[in-house]
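Read through the structure below, which is laid out as structure tokens, and then see the notes.
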Amino acid sequence: KALECISNRQGSRSRHAGASVRRRNFHDLGSGDGEAVLAAASAGWDATGVEMNPTLWLVSQIRRIFSPSHVRQKSRFILGDLFKHNVQSADAVMIFGVQPLMPRIAAKIAKECEATCVMSYRFRIPLQEEEKTSGDTDTLNATLIFDDEEMRVWEIDARKRSSKTNCLE
């Protein structure tokens, strides 16, 4: 549901701006067994997962090998440090970071991303409004656009855009 929400928002923005349809990039920082990456690839996104645990990375690779060819073509997994992986091209970033890592992850996304949707499962992302620290490098200037059970999606700088699509409504 979250990816569908993001796709609809981005499609709406593209149509309003007269832009042509372009590839959508999904990055999962801490991709675990690869479930989110494979789901994004199955939905048509170019999906990349970054995992530092070799066992989970291997599980992801095996799952990818046994996926349909269109999913294999649109997905890849990297064994490495999520903080060293560049997410600048991402239209959507998925994170499953434990609470102590969230400020550092927020700082990374704030530094590297513009007009990006940030998906977080279970743990909240530090936001500028919540922290009341505008300009703080460990928080994001973002608006919540999707909240379903433990999955939340924020859109960076959403208040500055004219798109009215909000998946919470």
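The values are calculated or read from the model by the stated rules, or taken from the named source; none is laboratory data. What you see is a predicted model, and the numbers here were worked out from it, not measured in a lab. We place every Cβ from the backbone using ideal geometry, glycine too, and count neighbours over all the protein chains shown. Note: accessible area is taken over every heavy atom of the protein model, side chains too, but ligands, DNA and RNA are not part of it. Shrake-Rupley method; radii C 1.70, N 1.55, O 1.52, S 1.80 Å.
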Select from the stretch 21-44 the residues that are in contact with a Gly (Cβ under 9 Å, 6 or more places away or on another chain), assigned to a loop (DSSP other than H, G, I, E, B) and in contact (Cβ under 8 Å) with a residue 40 or more places away in the chain and list them in ascending order. R24, G30, S31, G32, G34
Checked pairs for the stretch 141-153, first outside any strand (DSSP E or B), second of a type in the set (S, T, Y), C-beta under 8 Å and 6 or more apart or across chains, list as N141/S134; E150/Y121
I'd like the residue in the stretch 45-66 that is assigned to a loop (DSSP other than H, G, I, E, B) and touching a residue at least 24 places away in the same chain (Cβ under 8 Å) and, out of all such residues, is most open to solvent (accessible area, probe 1.4 Å). M52
Set R63, R72: member being of a type in the set (D, E, K, R), more than 22 Å from R104 (Cβ to Cβ) and out of contact with any Lys or Arg (no Cβ under 9 Å at 6 or more places or on another chain): R63
Would you check if S69 is of a type in the set (S, T, Y) and at pLDDT below 95? no
Of residues in the stretch 79-113 being more than 25 Å from K1 (Cα to Cα) and touching a Pro at 6+ places or on another chain (Cβ under 7 Å), the one modelled with the highest pLDDT: L79
Being open to solvent by less than 60 Å² (accessible area, probe 1.4 Å), farther than 18 Å from A41 by Cβ and in a strand (DSSP E or B) is the requirement here; does V118 meet it? yes
Just to be sure I understand, how many residues within the stretch 67-109 are outside any strand (DSSP E or B) and among the hydrophobic types (A, V, I, L, M, F, W, C)? 13
